[in-house]
Structure formats: structure tokens, C-alpha cells
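To start, the structure itself, in C-alpha cells.
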Amino acid sequence: MKHSKKKSKVIIILGPPGSGKGTQAKLLCQKFGLKYVGSGDTLRSRQKKSDFTGGKLTRVMNKGELAPSFIVVKILGDELEKIKKQPKIKGFVMDGWTRTNFEAILADEALEWYEWGRGAKVFLIRISNRESLNRLTKRRQCKKCGRLIPWVGEFKKIKRCDKCNGELITRVDDNIQSIKKRLEEYKKETVPAINYYKKQGRLIEINGEQPVANVFKDILKAIG
Ligand code: AP5
């Protein structure tokens, strides 16, 4: 089944840990009625399966290392297959996929296979390592519903989840050691993926060190 190329939107969001990929992806989904496809969330769901890969993924990701590309690409393919079954879908936002050059090439192949073309907009949200560490060590997560609570404004005062009253904890990979490892992986593996898009003139760079609403405004401006 072919999706209308004119109306369809595929957006890829890249950036270092804590750059706001998830925050902006969700805003884009709300604004344009798109489906959210997050690599971190999808891999964390895969961890729950009690098999060899589920257990090993948990250990690898908790340390801040990347999941192996063959698993990431298989899972991405499964997600795109599911999307294909929803004929009315207008498009989707890919949050955090393509963290290696290899994944970027295969993701393009997968998008072509599923007839979304090569027109995906690729955003890079830039922040410094310092900002990344600052945001991630301070944010909290609801143990019950998984909601991430930023360390900003009124959110600093809340003691339990504002949506479901669940207990607030630190995400398991939001400790200094894992964050440093995630930043290292970003530099070593993801920067080449970013360069892959850059060389093709497909990369749109956004300053992530400004209020959420301003980051979003810049993204909307670039979407046109
Ligand atoms: P993932 O869950 O994607 O984690 P990450 O990339 O480390 O990024 P985060 O989710 O921590 O941050 P974010 O950029 O989404 O920012 P957020 O909006 O939450 O991946 C986890 C792990 O999965 C990886 O380490 C790896 O092991 C594995 N993995 C995933 N994809 C993979 C792949 N393709 N290949 C291999 N392995 C893969 O914002 C962060 C905080 O800042 C929040 O508190 C937020 O409220 C706040 N914030 C956001 N924007 C702003 C702003 N403008 N100003 C102030 N605060 C802000």
C-alpha cells in the first residue's frame, strides 16, 4: 500500500543524550498527528522479553553502550512493518534511530523498501556535554508510567508523578558513568552517522540550548 508522498512526513531526530530529542519528537507528533517511533523506548520494551537478548540488552544499555546495529535495524524494520498496516497514517517521527553510519545507510534502505522515499527531514539538536550531564543527572522518571520529569520550574517541587502519582526515581542509565559512556558512543559512533546525512545536504542543525518552545519554533521554521 502506497502512502501519499505529498502528505506524508518522515522526520528523523538526532542529538546527544539529553538534547531534547524525545521532547521535540513528541511535540512534532502532537502538532502534525504523526506516530512516535523512539529507539530508546522500543529497545527498553525489548529488554522486557525474558530471553537471551532481553537480558543482554538490559546490561548493555544500562552501562550506556549502544545496542548492536543488527538488533536495532531488525526492530526498526518491525516498527515500519506495523506502520504499513495503518493506511491512514500521515507519517512518523524517528527519535534516536541511526546512531551509527551503518544504521543510517540501512535505515534509508528500509524507508525506501516501505515506500516512504528518501525525503525524510533529518534534525540534529545540538547541546554541549556539560548541558547533557546537567539535564540527565537532574531529571526524574515515574516508576509506574515511565514519564520523564525535567528539573525545571514547577517540576522541581513535585514529589510524585503529576500524571499517575507514581514514585519518582532516576532512569537507570542516568548516572554519571553511563551518561559519560553515552556521550563517548555519540562522539565515536553517531557523529559519523550525522556526517553521512550532512554530506548529502540533508542535515538541519538546531541549537538545543534554548527554551523548549524556541527549539520547537526553529524546527517548525525548517519544516516550512
Ligand atoms: P534513548 O532513550 O534514546 O536515550 P538518549 O539518546 O541517551 O537520550 P535521552 O532519552 O536521555 O534524551 P533525549 O535527547 O530524548 O532528551 P529528552 O527529550 O528526554 O536511548 C537509550 C539507549 O538506548 C542508548 O544509550 C543506547 O544504549 C540504546 N539505543 C537507542 N537507540 C539506539 C540505536 N539507534 N542504536 C544503538 N543503540 C541505541 O530531554 C532530556 C531532559 O532535558 C528532560 O528532562 C527534558 O525535559 C529536558 N529538556 C529537553 N529540552 C530542553 C530544553 N530545551 N531546555 C531545558 N531542558 C530541556
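Coordinate-derived values only; no laboratory data. Since this is a predicted model, take the numbers as computed values, not measurements.
Could you run the Karplus curve 6.51 cos²θ - 1.76 cosθ + 1.60 with θ = phi - 60° over the stretch 143-160 and give me ³J(HN,Hα) per residue in whole Hz, x for Gly and Pro?
Values, residue by residue: 5, 7, 9, x, 4, 8, 10, x, 8, 9, x, 5, 4, 4, 7, 6, 9, 9 Hz.
With springs connecting C-alpha atoms under 10 Å apart, model the chain as a Gaussian network and identify which of ILE127, ILE13, ILE105 has the largest mean-square fluctuation.
ILE105
Hey, what did the stretch 121-224 get for relative contact order, percent, Cα under 8 Å, at least 6 apart?
Normalised by residue count, the contact order of the stretch 121-224 is 37 percent.
Over the chain, what lengths in whole Å, largest first, do the semi-axes of the equivalent ellipsoid take, defined as the square roots of 5 times the eigenvalues of the alpha-carbon gyration tensor?
Value: 26, 21, 19 Å, ordered largest first.
What residue among ILE194, ILE158, ILE169 has the largest mean-square fluctuation in a Gaussian network model of the chain, using Cα springs under 10 Å?
ILE158
Considering only Cα-Cα distances, which of the following residue pairs are longer than 29 Å: LYS82/LYS121; LYS121/LYS188; LYS56/LYS88; LYS84/LYS181; LYS163/LYS188; LYS156/LYS181?
In this structure, LYS56/LYS88; LYS84/LYS181; LYS163/LYS188 exceed 29 Å between Cα atoms.
Whole Å is fine, so just give me how far the alpha carbon centre of the stretch 105-135 lies from that of the stretch 8-64.
Centre-to-centre distance over Cα atoms comes out at 12 Å.
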